[in-house]
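What follows is one structure encoded as structure tokens, with my remarks underneath.
The values are calculated or read from the model by the stated rules, or taken from the named source; none is laboratory data. What you see is a predicted model; the values in this text were computed from it and never measured. Methodologically, a virtual Cβ is constructed for each residue, glycine included, from the backbone with ideal geometry; neighbour enumeration extends over all protein chains shown. Side chains are part of the model used for accessible areas, which takes the heavy atoms of the whole protein and leaves out ligands, DNA and RNA. Shrake-Rupley method; radii C 1.70, N 1.55, O 1.52, S 1.80 Å.
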Amino acid sequence: MGDCIFCKIIKGEIPSKKVYEDEEILAFHDINPVTPIHILVISKKHIASLADIQKEDEVLVGKIYGVINKISEDLEFKKDGYRVIVNCGENGGQEVMHLHFHILAGKKLGTKINS
Ligand code: AMP
Ligand code: ZN
């Protein structure tokens, strides 16, 4: 995990615009937003990808969805709706190998998800 950029964000070695933090989970604005609101939600535990989730991580992943729900309330896009995306592996387009949940909000998104 030494050169994982998201682990460095967790440690404060790389700055981020935080929107939520607790003992297990951190959320911050994506540096290159594709929607008016684009937030990444990560676990503080380094899990490389969705494909690396272990049985003991399943409660944590559930909590991440709870945090996403809370963020949507706090930033007031819950009512309008939003999209959550997890890219996994090479075909999924994952570039940062630390499991992260993209929240895309603030505009009406297209219906095609396979672009
Ligand atoms: P993915 O393609 O699913 O691995 O997405 C990685 C995301 O991380 C991209 O949307 C990047 O814009 C974002 N990203 C990379 N470096 C940073 C950073 N230092 N702070 C915030 N977001 C970042
Ligand atoms: Zn990491």
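Structure values in brief
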item	result
Test: residue in segment 28-43 that is touching a Ser or Thr at 6+ places or on another chain (Cβ under 6 Å) and in contact (Cβ under 8 Å) with a residue 12 or more places away in the chain	yes
Qualifying positions in segment 94-109 - part of a loop (DSSP other than H, G, I, E, B) and either open to solvent by 30 Å² or more (accessible area, probe 1.4 Å) or under 12 Å from I68 (Cα atoms) (or both)	E95, V96, M97, G106, K107, K108, L109
G62 vs. criteria out of contact with any strand residue (DSSP E or B) (no Cβ under 8 Å at 6 or more places or on another chain), open to solvent by less than 60 Å² (accessible area, probe 1.4 Å) and more than 16 Å from ligand 2 (Cβ to nearest atom)	yes
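Residue-wise test of (1) of a type in the set (V, I, T); (2) surrounded by 15 or more Cβ atoms within 10 Å (Cβ to Cβ).
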position	(1), (2)
C7	no, yes
V19	yes, yes
I25	yes, yes
I31	yes, no
L40	no, yes
G66	no, no
